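Working notes, structure below.
The numbers here are math on the coordinates, done by the rules we state, and not lab data. What you see is a predicted model, and the numbers here were worked out from it, not measured in a lab. Because the Cβ atoms are built from the backbone with ideal geometry, glycine has one as well, and the counts that use them run over all protein chains shown.
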Amino acid sequence: MGRQWLHAKREVANLKKGMVVGKLVKEIMVAAKQGGADVDGNARLFAAVEKARRASVTRDVIERAIKKGAGIGDDKLVLEHIVFEGYAPHKVPVIVEVLTDNNNRTAPEIRVLFKRGQLGTAGSNKFLFDHVGIVEAHHADLGADVEAAAIEAGADDFVVLTSAENDDIPEGAAGVRFLTERTATAAVSKWLAANGWTVVTSELGYVAKQFPELDDAQRADAGEFLQELEDHDDVHRVWAAIR
């Protein structure tokens, strides 16, 4: 057998990395399409580019994605944004955002995933979530006044994050998820960036209003189902009512 297991492990790791890079590139394209190609003037694009750089995406790939998204040159972005609603095992509400160039292929595949998931079902549930602006950032000073920053930036609420909850938050830094009105997302991001915060996410998303009570086994069931959704090439974001 030799070290074939190690080769297989590396292949899986490379495949995962390729999927992550593909999703980062899509995010860059969508951010550029919605807010323009100016990285400094487009908070969502700035956050996406910084995340791509940390993932070792090359400058050429980033620049091509920006140009394609912004419609600069002959290569135009043609991606459809679709939202699926449903439930993970144990009645955990889920919203899945998809970016695809072929909805006739993607939609049936997502439906199959819901059907195949243990107790996973499709069904309307947006009323169980708030659709808000989400800005995640960190500050080098652990003693930073988070509440004051939220007020000054114009955010409505905030949740403290740790590096264990978000890989983009360095250990020893003050990590925060700021929640705001959708129209204020860019303004909040710009204020934070100008006042010592490093913005790692700036987007519109869904925050659950309440969370089902789950034991460890149920949480594991739901987590496996959510990971299967995340692993689909065209899935951009998965929002779930799970802690």
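Farthest toward the positive end of the dipole of the chain, out of L79, A32, N166, is the Cα of L79, where the dipole comes from beta carbon charges about the Cα centre. If you average the sequence gap of Cα pairs under 8 Å that are 6 or more apart and divide by the length of the chain, what percent do you get for the contact order? Relative contact order here is 22 percent.
Here E213 and T183 are evaluated by their C-beta separation; at R0 = 35 Å the FRET efficiency comes out at 0.55.
Rounded if a/c is under 1.5, else prolate if a/b beats b/c, else oblate: with a ≥ b ≥ c from the C-alpha gyration tensor eigenvalues square-rooted, which is region 51-191? The shape class here is oblate.
Please give the length that would be gained between E109 and A194 if that part of the chain were fully extended, namely 0.36 nm times their separation in residues minus their C-alpha to C-alpha distance (nm, one decimal).
That works out to 26.4 nm of additional length.
How much length is gained if the chain between D231 and D145 is pulled fully straight, taking 0.36 nm per residue apart and subtracting their Cα-Cα distance, in nm to one decimal? That works out to 27.3 nm of additional length.
Based on Cα contacts under 8 Å between residues 6+ apart, region 56-120 shows a relative contact order of 26 percent. Pick out, from A241, V199, I62, the residue whose Cα sits farthest towards the positive end of the charge dipole of the chain, with +1 on the Cβ of Lys and Arg and -1 on the Cβ of Asp and Glu. About the Cα centre, the residue reaching furthest to the positive side is I62.
Computed about its Cα centre, the charge dipole of the chain is approximately 880 debye, with only Lys, Arg, Asp and Glu carrying charge at their Cβ. Consider a paramagnetic label point 7 Å from the Cα of D101 along Cα→Cβ; state which residues of region 52-79 have an amide N under 17 Å from it. Taking a point 7 Å out along Cα→Cβ of D101, the residues of region 52-79 whose backbone N falls under 17 Å are 61-79.
One chain, two ends: R54 and I82. Fully extended at 0.36 nm per residue, the span grows by 7.3 nm beyond their Cα-Cα distance. Peptide packing: for 99-106, 155-162, 185-192, 20-27, the average count of neighbouring Cβ atoms within 10 Å per residue gives the ranking 185-192, 20-27, 155-162, 99-106, highest mean first. Between D157 and E171, the distance separating the two model label sites (each 7 Å from Cα on the Cα→Cβ line) works out to 3.1 nm.
Return the calculated 222 nm mean residue ellipticity for the chain, to the nearest 500 deg cm²/dmol, obtained by summing -39500 (n - 2.57) across DSSP H runs with n ≥ 4 and dividing by the residue count. Mind showing how you got there, number by number?
Working: 7 runs with 103 residues, N = 243.
Rounded to the nearest 500, it is -14000 deg cm²/dmol.
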